[in-house]
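Heads up: the structure comes next, in structure tokens.
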Amino acid sequence: MRELILGGVRSGKSRLAERHAEESGLAVVYVATAEVRDEEMRQRILHHQARRPANWQLVEAGQDLAAVLQREAAVGRCVLVDCLTLWLTQLLCDTDEARLPWEVSALLRVLPDLPGQIILVSNETNMGVTPLGELSRRYCDEAGRLHQQLGIICERVILTVAGLPLVVKGSL
């Protein structure tokens with residue numbers, strides 16, 4: 001089962017993903033994509049860490065998310081990735097511009113064949129005005145393309161609004 005949970009900032013998407021992981025009854029591997037780059041991000045990470053059960057395994061992913069998923073996904077295991085848009089941001093900021101399409105392609109290539117349950121969390125960024133800056137527009141474009149492709153692959157897609165799950169594909 002592959003599940004994509006989308007939503008805006010503080011929409012409840014991570015909390016929903018964590019609940020689905022816990023309810024799976026499987027051993028959980030939490031794949032964190034955030035990097036501490038400032039105090040505000042450090043506080044966000046601490047907030048997420050405080051919510052997670054102590055028995056969950058934590059893996060900090062770099063930009064090679066596909067390789068991490070191939071290594072961690074297993075029958076009888078739930079892998080929760082939080083979040084894809086932070087991963088995408090890091091790829092956009094990489095000086096090697098060829099890395100972003102290569103890593104996205106690798107993720108889309110391995111995802112359908114991974115064993116176990118996979119839960120992907122990502123920020124839905126394309127429901128407002130078009131950003132003025134070139135990098136911001138590229139970020140929204142890349143996130144939108146990634147979400148469309150993941151929406152095809154995943155058996156369940158949920159949009160989270162005000163803490164409420166709206167099932168877009170599949171069922172709860």
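Please treat every number below as a calculation from the coordinates, not as lab data. Everything numeric here is computed off the predicted structure, so don't read it as measured data. Reconstructed Cβ throughout: ideal geometry from the backbone, glycine too, with neighbour counts over all protein chains shown.
Helix-only arithmetic for the chain: the sum of -39500 (n - 2.57) across DSSP H runs with n ≥ 4, divided by the residue total, places the mean residue ellipticity at 222 nm at -13500 deg cm²/dmol.
Centre-to-centre separation between the Cα atoms of the stretch 85-105 and those of the stretch 112-153: 12 Å.
Among beta bridges identified by DSSP and lying wholly in the chain, the antiparallel ones come to about 15 percent. Going from the fewest other Cβ atoms within 10 Å to the most, the residues TRP87, TRP102 appear in the order TRP102, TRP87.
Expressed as a fraction of 2.2 N^0.38 Å, the C-alpha radius of gyration for the stretch 1-137 is 1.05. The trypsin sites (Lys or Arg not before Pro) found in the stretch 30-90 that occupy coil by DSSP, while having at most 16 further C-beta atoms within 10 Å, are ARG37. As a proxy for reagent exposure, SER171, SER136 were ordered by neighbouring Cβ count within 10 angstrom, fewest first; the result is SER171, SER136. Quick check: the distance between the Cα centres of the stretch 154-172 and the stretch 14-35, to the nearest angstrom? Here the answer is 16 Å between Cα centres. Sorting VAL36, VAL79, VAL68 by the number of Cβ atoms found within 10 Å of their own Cβ, with the fewest placed first, yields VAL36, VAL68, VAL79.
According to the calculation over all Cα-Cα pairs in the stretch 50-94, the P(r) per 10 Å bin from zero is 22, 50, 25, 3 %.
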